[in-house]
1. Between residues in the stretch 41-70 that are within 13 Å of residue 4 (Cα to Cα) and open to solvent by 10 Å² or more (accessible area, probe 1.4 Å) and residues that are assigned to a loop (DSSP other than H, G, I, E, B) and not β-branched (Val, Ile, Thr), which pairs lie under 6 Å by C-beta distance while being six or more apart or on different chains?
2. For residue 31, are the conditions met, namely being acidic (Asp, Glu), in contact with a strand residue (DSSP E or B) (Cβ under 8 Å, 6 or more places away or on another chain) and at pLDDT below 95?
3. Kindly indicate whether any position in the stretch 105-120 is of a type outside the set (Asp, Glu), closer than 21 Å to residue 30 by Cβ, at pLDDT below 90 and over 13 Å from the mean Cα position of the chain (by Cα).
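The values are calculated or read from the model by the stated rules, or taken from the named source; none is laboratory data. Since this is a predicted model, take the numbers as computed values, not measurements. FYI the Cβ positions are ideal-geometry reconstructions off the backbone, even for glycines, and counts take in every protein chain you see. With ligands, DNA and RNA removed, areas are computed over all heavy atoms of the protein, side chains included. Shrake-Rupley method; radii C 1.70, N 1.55, O 1.52, S 1.80 Å.
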Amino acid sequence: MMKPIKTIEAYQKPPSPKTYAAGEIIFSQGETGSLMYGVISGEVEMQLNSKVIETISMGDVFGAGALVHDDHLRTSTAIAKTECLIGFLDQKHFLFAIQQTPMFAIEVMRSYSDRFRRLKELF
């Protein structure tokens, strides 16, 4: 099964991918967003109200919520934990990727479902 990052790499367009330095903010909680991201290399910390809630590792995706919700709001902050190479898709390419490679949608849902399961284990 193809990892979602491979689909992002296949459908991204310049200037993707982009390198972020350790500590650099990728997006902030409360902003409106128009991109989803995939970690090609490195690690990204996800923060909620300035507290680290998870670390996204190479091969995983994040930020798709802004593409699927009508308000396009970011509900967390993404910060490069290490130097990262990050690919991204805008909504048009995200929808195209879903139409052309339905397993991409399944893998994105699986990624978010895994995160939700880990969250539920905390309670």
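1. Every condition considered, the pairs that remain are 57/43; 59/3.
2. Working: acidic (Asp, Glu): yes; in contact with a strand residue (DSSP E or B) (Cβ under 8 Å, 6 or more places away or on another chain): yes; at pLDDT below 95: no.
Answer is no for this residue.
3. Kept after step one, since they are of a type outside the set (Asp, Glu), are these residues of the stretch 105-120: 105-106, 108-113, 115-120.
With the extra rule that they be closer than 21 Å to residue 30 by Cβ, the set shrinks to 112, 115, 119.
In the following step, the residues that additionally are at pLDDT below 90 were identified as 112, 115, 119.
Now drop any that are not over 13 Å from the mean Cα position of the chain (by Cα), which leaves 119.
Yes, the stretch 105-120 contains a residue that is of a type outside the set (Asp, Glu), closer than 21 Å to residue 30 by Cβ, at pLDDT below 90 and over 13 Å from the mean Cα position of the chain (by Cα).
Residue-by-condition table, conditions (1) of a type in the set (Ser, Thr, Tyr); (2) surrounded by fewer than 13 Cβ atoms within 10 Å (Cβ to Cβ); (3) within 24 Å of residue 118 (Cα to Cα):
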position: 3; (1), (2), (3): no, no, yes
position: 33; (1), (2), (3): no, no, no
position: 39; (1), (2), (3): no, no, yes
position: 76; (1), (2), (3): yes, no, yes
position: 94; (1), (2), (3): no, no, no
